[in-house]
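The values are calculated or read from the model by the stated rules, or taken from the named source; none is laboratory data. Only a predicted model underlies this, so the values are computations on that prediction, with no experimental measurement involved. Using ideal geometry, Cβ is built from the backbone for each residue, glycine included, and neighbour counts are taken over all protein chains shown. Quick note on the areas: whole protein, heavy atoms, side chains included, nothing else; ligands and nucleic acids left out. Shrake-Rupley method; radii C 1.70, N 1.55, O 1.52, S 1.80 Å.
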Amino acid sequence: MNTKELIFELCCAMGVSGREEPALSVAEKFLSDYTDDIKLSNGSLMAVCGNKNSDKTILLDAHIDRIGFMVTEINENGFVKASPCGGIDARTLADTLLCLQNNPDVTGVVCCMPPHLSDGKEDKAMPIDKIWVDFGLPYDEVSKLISFGDMLTFASKPANLLNGRIVSPCLDNRCSVASLVKCAELLKDNETDYKVTILLSSQEETFGTGAKTGAFTVEADESIVVDVSFASQPDVLGFYSSIELDKGPMICISSILNKEMSKLLESVAKNKNIPYQLEPIAGRTGTNADHITISGKGVKTAVVSIPQRYMHTQNEVISVADVDNTAKLIAEYIKCGGAFND
(Lines give C-alpha, C1' and ligand atoms only; values in the text may rest on other atoms or scores of the structure.)
Protein backbone atom coordinates (compact mmCIF):
# COMPACT_ATOMS: atom_id res chain seq x y z
CA MET A 1 0.00 0.00 0.00
CA ASN A 2 1.36 3.41 -0.94
CA THR A 3 1.63 5.41 2.27
CA LYS A 4 1.20 8.83 0.72
CA GLU A 5 -1.91 7.81 -1.19
CA LEU A 6 -3.33 6.33 2.02
CA ILE A 7 -2.70 9.57 3.93
CA PHE A 8 -4.15 11.70 1.15
CA GLU A 9 -7.36 9.67 1.01
CA LEU A 10 -7.76 9.82 4.79
CA CYS A 11 -7.13 13.58 4.80
CA CYS A 12 -9.70 14.19 2.07
CA ALA A 13 -12.40 12.61 4.22
CA MET A 14 -14.61 14.82 6.34
CA GLY A 15 -15.01 13.97 10.02
CA VAL A 16 -15.05 16.95 12.35
CA SER A 17 -14.93 16.01 16.03
CA GLY A 18 -18.23 14.38 16.93
CA ARG A 19 -19.10 13.72 13.27
CA GLU A 20 -16.34 11.25 12.34
CA GLU A 21 -18.42 8.87 10.17
CA PRO A 22 -16.94 9.80 6.74
CA ALA A 23 -13.38 9.25 7.94
CA LEU A 24 -14.30 6.02 9.71
CA SER A 25 -15.70 4.64 6.45
CA VAL A 26 -12.42 5.33 4.64
CA ALA A 27 -10.34 3.79 7.43
CA GLU A 28 -12.59 0.73 7.60
CA LYS A 29 -12.10 0.16 3.88
CA PHE A 30 -8.33 0.00 4.30
CA LEU A 31 -8.31 -2.03 7.53
CA SER A 32 -10.67 -4.64 6.06
CA ASP A 33 -7.72 -5.91 4.00
CA TYR A 34 -6.06 -7.05 7.22
CA THR A 35 -8.89 -8.15 9.52
CA ASP A 36 -12.55 -9.04 9.32
CA ASP A 37 -13.09 -8.18 12.98
CA ILE A 38 -14.08 -4.50 12.73
CA LYS A 39 -16.86 -2.76 14.57
CA LEU A 40 -18.05 0.76 15.26
CA SER A 41 -18.69 1.74 18.86
CA ASN A 42 -19.70 5.14 20.25
CA GLY A 43 -18.38 7.00 17.20
CA SER A 44 -15.05 5.14 17.13
CA LEU A 45 -13.74 2.16 15.18
CA MET A 46 -12.18 -0.97 16.69
CA ALA A 47 -10.27 -3.49 14.57
CA VAL A 48 -8.87 -6.66 16.14
CA CYS A 49 -5.73 -8.30 14.73
CA GLY A 50 -3.08 -10.70 16.00
CA ASN A 51 -3.96 -13.67 18.21
CA LYS A 52 -7.63 -13.05 18.89
CA ASN A 53 -7.76 -15.86 21.44
CA SER A 54 -5.00 -14.44 23.63
CA ASP A 55 -5.85 -13.25 27.12
CA LYS A 56 -3.41 -10.36 26.72
CA THR A 57 -4.22 -7.30 24.63
CA ILE A 58 -2.21 -4.42 23.20
CA LEU A 59 -4.36 -1.38 22.35
CA LEU A 60 -3.15 0.91 19.57
CA ASP A 61 -4.95 4.26 19.58
CA ALA A 62 -5.02 7.13 17.08
CA HIS A 63 -7.78 9.71 17.12
CA ILE A 64 -9.50 10.10 13.77
CA ASP A 65 -11.44 13.34 14.28
CA ARG A 66 -10.37 16.62 12.70
CA ILE A 67 -10.80 20.18 13.87
CA GLY A 68 -13.54 22.33 12.40
CA PHE A 69 -16.48 24.56 13.24
CA MET A 70 -20.13 24.31 14.17
CA VAL A 71 -22.75 26.64 12.72
CA THR A 72 -24.38 28.57 15.55
CA GLU A 73 -26.04 31.53 13.84
CA ILE A 74 -27.10 32.88 10.45
CA ASN A 75 -27.68 36.63 10.38
CA GLU A 76 -30.22 38.55 8.33
CA ASN A 77 -27.67 39.15 5.55
CA GLY A 78 -26.76 35.47 5.17
CA PHE A 79 -23.43 35.53 6.99
CA VAL A 80 -22.85 32.36 9.02
CA LYS A 81 -21.44 32.40 12.56
CA ALA A 82 -19.06 29.51 13.23
CA SER A 83 -17.78 28.36 16.62
CA PRO A 84 -14.63 26.24 16.83
CA CYS A 85 -14.88 22.49 17.31
CA GLY A 86 -11.41 21.73 18.65
CA GLY A 87 -8.36 23.95 18.89
CA ILE A 88 -8.13 26.39 15.99
CA ASP A 89 -5.17 28.69 15.31
CA ALA A 90 -7.01 32.01 14.98
CA ARG A 91 -3.96 33.66 13.40
CA THR A 92 -4.43 31.65 10.20
CA LEU A 93 -8.19 32.01 9.76
CA ALA A 94 -8.65 35.29 7.91
CA ASP A 95 -9.80 34.65 4.34
CA THR A 96 -9.68 30.84 4.82
CA LEU A 97 -11.92 28.73 2.60
CA LEU A 98 -14.28 26.44 4.52
CA CYS A 99 -16.73 23.82 3.31
CA LEU A 100 -19.86 22.19 4.68
CA GLN A 101 -19.15 18.68 5.95
CA ASN A 102 -22.38 17.13 4.68
CA ASN A 103 -22.05 18.91 1.32
CA PRO A 104 -18.41 19.83 0.56
CA ASP A 105 -19.41 21.61 -2.65
CA VAL A 106 -20.93 24.34 -0.46
CA THR A 107 -17.97 26.58 0.31
CA GLY A 108 -17.55 29.88 2.09
CA VAL A 109 -14.76 32.21 3.05
CA VAL A 110 -13.96 33.47 6.55
CA CYS A 111 -14.68 37.17 6.61
CA CYS A 112 -11.69 39.46 7.13
CA MET A 113 -11.23 43.20 7.37
CA PRO A 114 -9.20 44.80 4.54
CA PRO A 115 -6.11 46.51 5.93
CA HIS A 116 -7.35 49.79 4.49
CA LEU A 117 -10.26 49.69 6.97
CA SER A 118 -8.57 48.12 9.97
CA ASP A 119 -7.39 51.29 11.78
CA GLY A 120 -3.87 49.89 11.91
CA LYS A 121 -4.93 46.65 13.59
CA GLU A 122 -4.34 44.38 10.59
CA ASP A 123 -1.48 42.66 12.44
CA LYS A 124 -3.80 41.33 15.16
CA ALA A 125 -5.45 37.91 14.98
CA MET A 126 -9.21 37.78 14.65
CA PRO A 127 -10.84 36.82 17.98
CA ILE A 128 -12.03 33.24 17.67
CA ASP A 129 -15.54 34.23 18.81
CA LYS A 130 -15.84 36.79 15.99
CA ILE A 131 -15.69 34.35 13.08
CA TRP A 132 -18.26 34.86 10.33
CA VAL A 133 -18.33 32.96 7.04
CA ASP A 134 -19.49 34.39 3.70
CA PHE A 135 -21.15 31.82 1.41
CA GLY A 136 -22.13 34.46 -1.11
CA LEU A 137 -25.85 33.99 -0.57
CA PRO A 138 -28.65 36.00 1.06
CA TYR A 139 -30.35 34.66 4.19
CA ASP A 140 -33.23 32.95 2.36
CA GLU A 141 -30.86 30.95 0.17
CA VAL A 142 -28.13 30.11 2.70
CA SER A 143 -30.70 28.93 5.25
CA LYS A 144 -31.90 26.31 2.75
CA LEU A 145 -28.41 24.81 2.60
CA ILE A 146 -27.06 25.30 6.11
CA SER A 147 -28.65 24.66 9.50
CA PHE A 148 -27.67 25.19 13.12
CA GLY A 149 -25.34 22.41 14.25
CA ASP A 150 -23.91 21.74 10.80
CA MET A 151 -20.15 21.24 10.69
CA LEU A 152 -17.68 23.23 8.62
CA THR A 153 -14.04 22.39 8.03
CA PHE A 154 -11.06 23.48 5.96
CA ALA A 155 -11.61 23.08 2.22
CA SER A 156 -7.92 22.87 1.31
CA LYS A 157 -6.63 19.59 -0.16
CA PRO A 158 -3.46 17.52 0.33
CA ALA A 159 -0.48 18.44 -1.82
CA ASN A 160 3.13 17.43 -2.35
CA LEU A 161 6.08 19.43 -1.11
CA LEU A 162 9.68 18.66 -1.96
CA ASN A 163 11.89 16.08 -0.26
CA GLY A 164 9.17 13.59 0.67
CA ARG A 165 7.12 16.10 2.66
CA ILE A 166 3.40 16.64 2.24
CA VAL A 167 0.99 19.37 3.26
CA SER A 168 -2.67 18.94 4.15
CA PRO A 169 -5.35 19.83 6.64
CA CYS A 170 -6.00 17.25 9.39
CA LEU A 171 -2.65 15.48 9.20
CA ASP A 172 -3.35 15.78 12.92
CA ASN A 173 -4.27 13.03 13.23
CA ARG A 174 -4.97 11.22 9.96
CA CYS A 175 -1.24 10.56 9.45
CA SER A 176 -1.27 8.60 12.73
CA VAL A 177 -4.33 6.67 11.56
CA ALA A 178 -2.36 5.84 8.41
CA SER A 179 0.54 4.59 10.53
CA LEU A 180 -1.77 2.12 12.31
CA VAL A 181 -3.21 0.90 9.00
CA LYS A 182 0.37 0.34 7.83
CA CYS A 183 1.13 -1.42 11.13
CA ALA A 184 -1.79 -3.79 10.52
CA GLU A 185 -0.34 -4.46 7.07
CA LEU A 186 3.06 -5.31 8.57
CA LEU A 187 1.49 -7.65 11.11
CA LYS A 188 -0.82 -9.45 8.70
CA ASP A 189 1.47 -12.37 7.86
CA ASN A 190 3.27 -12.50 11.20
CA GLU A 191 2.13 -14.61 14.11
CA THR A 192 1.87 -12.60 17.30
CA ASP A 193 1.32 -13.87 20.82
CA TYR A 194 -1.16 -11.16 21.74
CA LYS A 195 -4.43 -9.69 20.66
CA VAL A 196 -3.90 -6.34 18.93
CA THR A 197 -6.84 -3.93 19.01
CA ILE A 198 -6.63 -0.82 16.84
CA LEU A 199 -8.83 1.99 18.17
CA LEU A 200 -9.52 4.90 15.84
CA SER A 201 -11.03 7.13 18.48
CA SER A 202 -13.52 9.96 18.25
CA GLN A 203 -13.64 13.45 19.75
CA GLU A 204 -10.03 13.79 20.89
CA GLU A 205 -10.04 17.43 19.80
CA THR A 206 -13.05 18.21 21.99
CA PHE A 207 -13.46 15.87 24.95
CA GLY A 208 -11.55 12.62 24.46
CA THR A 209 -14.75 10.58 24.48
CA GLY A 210 -13.57 7.88 22.08
CA ALA A 211 -10.42 7.07 24.00
CA LYS A 212 -12.20 7.07 27.35
CA THR A 213 -14.97 4.73 26.30
CA GLY A 214 -12.80 2.68 23.95
CA ALA A 215 -10.12 1.94 26.53
CA PHE A 216 -12.80 1.01 29.06
CA THR A 217 -14.35 -1.39 26.55
CA VAL A 218 -11.11 -3.06 25.46
CA GLU A 219 -9.59 -3.45 28.95
CA ALA A 220 -6.10 -3.70 27.44
CA ASP A 221 -2.95 -4.71 29.28
CA GLU A 222 -0.84 -2.23 27.32
CA SER A 223 -1.55 0.70 25.06
CA ILE A 224 0.42 2.74 22.56
CA VAL A 225 -1.10 6.09 21.62
CA VAL A 226 -0.04 7.56 18.28
CA ASP A 227 -0.42 11.28 17.67
CA VAL A 228 1.53 14.19 16.22
CA SER A 229 3.88 16.55 18.02
CA PHE A 230 5.94 19.62 17.22
CA ALA A 231 8.83 19.76 14.74
CA SER A 232 11.37 22.51 14.33
CA GLN A 233 10.65 25.53 12.14
CA PRO A 234 11.91 29.12 12.06
CA ASP A 235 11.72 30.90 15.44
CA VAL A 236 10.87 27.77 17.45
CA LEU A 237 13.03 27.84 20.57
CA GLY A 238 13.79 25.33 23.30
CA PHE A 239 13.51 21.57 23.07
CA TYR A 240 11.34 21.39 19.94
CA SER A 241 13.94 23.28 17.92
CA SER A 242 15.87 19.98 17.92
CA ILE A 243 13.03 17.82 16.56
CA GLU A 244 13.32 17.32 12.82
CA LEU A 245 11.23 15.90 10.03
CA ASP A 246 12.62 12.68 8.50
CA LYS A 247 14.47 11.79 11.71
CA GLY A 248 11.84 9.31 12.83
CA PRO A 249 8.96 9.10 15.33
CA MET A 250 9.17 10.69 18.75
CA ILE A 251 9.09 8.33 21.75
CA CYS A 252 7.59 10.22 24.67
CA ILE A 253 9.17 10.08 28.13
CA SER A 254 6.66 11.24 30.73
CA SER A 255 5.92 10.75 34.39
CA ILE A 256 2.42 9.46 33.54
CA LEU A 257 3.66 6.93 30.98
CA ASN A 258 5.09 3.47 31.56
CA LYS A 259 8.86 3.77 31.73
CA GLU A 260 9.46 0.15 30.72
CA MET A 261 7.42 0.52 27.54
CA SER A 262 9.19 3.72 26.54
CA LYS A 263 12.58 2.13 27.11
CA LEU A 264 11.60 -0.98 25.16
CA LEU A 265 10.39 1.12 22.23
CA GLU A 266 13.75 2.86 22.22
CA SER A 267 15.57 -0.48 22.36
CA VAL A 268 13.51 -1.87 19.48
CA ALA A 269 14.25 1.21 17.38
CA LYS A 270 17.99 0.82 17.98
CA ASN A 271 18.01 -2.92 17.29
CA LYS A 272 15.98 -2.59 14.08
CA ASN A 273 17.78 0.54 12.84
CA ILE A 274 14.58 2.59 12.91
CA PRO A 275 15.31 6.31 13.33
CA TYR A 276 13.69 7.83 16.39
CA GLN A 277 13.71 10.93 18.60
CA LEU A 278 12.90 11.36 22.28
CA GLU A 279 10.26 13.76 23.62
CA PRO A 280 10.50 14.42 27.37
CA ILE A 281 7.30 15.76 28.95
CA ALA A 282 7.14 16.18 32.72
CA GLY A 283 3.41 15.58 33.16
CA ARG A 284 0.34 15.26 30.95
CA THR A 285 1.06 14.46 27.32
CA GLY A 286 -1.86 16.32 25.75
CA THR A 287 -2.83 13.09 23.96
CA ASN A 288 -5.33 10.29 24.52
CA ALA A 289 -2.74 8.65 26.75
CA ASP A 290 -3.88 10.99 29.52
CA HIS A 291 -7.26 9.22 29.45
CA ILE A 292 -6.14 5.67 28.70
CA THR A 293 -3.57 5.41 31.49
CA ILE A 294 -6.31 5.84 34.10
CA SER A 295 -8.96 3.72 32.40
CA GLY A 296 -10.42 0.92 34.51
CA LYS A 297 -7.73 -0.45 36.80
CA GLY A 298 -5.09 1.47 34.84
CA VAL A 299 -3.33 0.66 31.56
CA LYS A 300 0.41 0.67 30.94
CA THR A 301 0.75 3.24 28.17
CA ALA A 302 3.36 4.71 25.83
CA VAL A 303 3.13 7.53 23.29
CA VAL A 304 4.73 7.62 19.85
CA SER A 305 4.34 10.88 17.91
CA ILE A 306 4.91 11.89 14.30
CA PRO A 307 6.79 15.22 13.96
CA GLN A 308 4.62 17.93 12.40
CA ARG A 309 4.84 21.59 11.50
CA TYR A 310 2.00 24.17 11.63
CA MET A 311 -0.32 22.15 13.87
CA HIS A 312 -4.05 23.00 13.95
CA THR A 313 -3.96 24.95 10.70
CA GLN A 314 -5.27 24.19 7.22
CA ASN A 315 -1.73 23.46 5.98
CA GLU A 316 0.03 21.04 8.32
CA VAL A 317 3.32 19.49 7.15
CA ILE A 318 4.89 16.09 7.81
CA SER A 319 7.38 13.68 6.24
CA VAL A 320 5.88 10.48 4.78
CA ALA A 321 9.00 8.59 5.90
CA ASP A 322 8.16 9.36 9.55
CA VAL A 323 4.75 7.70 9.11
CA ASP A 324 6.35 4.55 7.70
CA ASN A 325 8.91 4.43 10.49
CA THR A 326 6.18 4.86 13.11
CA ALA A 327 4.38 1.84 11.69
CA LYS A 328 7.61 -0.19 11.64
CA LEU A 329 8.48 0.73 15.22
CA ILE A 330 5.10 -0.31 16.62
CA ALA A 331 4.96 -3.49 14.54
CA GLU A 332 8.43 -4.53 15.70
CA TYR A 333 7.53 -3.75 19.29
CA ILE A 334 4.53 -6.06 19.04
CA LYS A 335 6.56 -8.79 17.32
CA CYS A 336 9.08 -8.75 20.16
CA GLY A 337 6.29 -9.35 22.67
CA GLY A 338 5.75 -5.90 24.14
CA ALA A 339 6.50 -5.31 27.80
CA PHE A 340 4.37 -8.13 29.18
CA ASN A 341 7.32 -9.75 31.00
CA ASP A 342 6.32 -13.32 30.18
Quick P(r) readout (the chain; Cα-Cα; 20 Å bins; whole %) gives 31, 54, 14, 0
Most fluctuating of Leu31, Leu329, Leu186 in the GNM of the chain (C-alpha, under 10 Å) is Leu186
For the chain, the percent of accessible surface on carbon and sulfur atoms (probe 1.4 angstrom, ligands and nucleic acids excluded) is 50 percent
Residue separation between Arg284 and Phe148 times 0.36 nm, minus their alpha-carbon distance, gives in nm 45.5 nm
With Leu245 itself left out, Lys, Arg at +1 and Asp, Glu at -1 over residues whose Cβ is under 9 Å from its Cβ give 0
FRET efficiency for Asp246 and Leu97 from the Cβ-Cβ distance with R0 = 25 Å, rounded to 0.05, comes out at 0.25
For segment 76-215 (alpha-carbon point model, no solvent) the Debye-based log₁₀ I(q)/I(0) at q = 0.14 Å⁻¹ works out to -0.87
Percent antiparallel among DSSP beta bridges confined to the chain, nearest 5, equals 60 percent
Rounded to the nearest 0.05, FRET efficiency between Val109 and Asn42 (Cβ-Cβ, R0 45 Å) equals 0.85
Candidate cut points under trypsin sites (Lys or Arg not before Pro) in segment 249-319, DSSP loop plus at most 12 other Cβ atoms within 10 Å of their own Cβ, are Arg284, Lys297
Restricting to Cα pairs under 8 Å and 6 or more apart, the percent relative contact order of the chain works out to 23 percent
Listed residues Gly68, Gly214, Gly164; largest mean-square fluctuation, Gaussian network over the chain with Cα springs below 10 Å, found at Gly164
Out of Ser262, Ser54, Ser201, a Gaussian network model of the chain with alpha-carbon springs under 10 Å gives the largest mean-square fluctuation to Ser54
Karplus-derived 3J(HN,Hα) from phi for segment 34-50 (6.51 cos²θ - 1.76 cosθ + 1.60, θ = phi - 60°), whole Hz, x at Gly and Pro, runs 10, 7, 9, 9, 10, 9, 9, 8, 6, x, 10, 10, 10, 10, 9, 10, x
For Gln101, other-chain or 5+-apart residues with amide H closer than 5 Å (H placed, Pro excluded) are Met151, Leu152, Thr153
Other residues with Cβ under 9 Å from the Cβ of Leu45 give, with Lys and Arg +1 and Asp and Glu -1, a net charge of -1
If the chain between Lys272 and Ala159 were fully extended at 0.36 nm per residue, the gain over the current Cα-Cα distance would be 37.6 nm
At R0 = 41 Å the Cβ-Cβ FRET efficiency linking Glu5 and Glu76, nearest 0.05, sits at 0.35
Residues whose built amide H sits under 5 Å from the amide H of Ser254, excluding neighbours closer than 5 in sequence, are Ile281
Lys and Arg at +1, Asp and Glu at -1: neighbours of Ser254 with Cβ under 11 Å from its Cβ sum to 0
Of all stretches in the chain that avoid chymotrypsin sites (Phe, Trp or Tyr not before Pro) placed in a DSSP loop and having at most 14 other Cβ atoms within 10 Å, the longest is 1-147
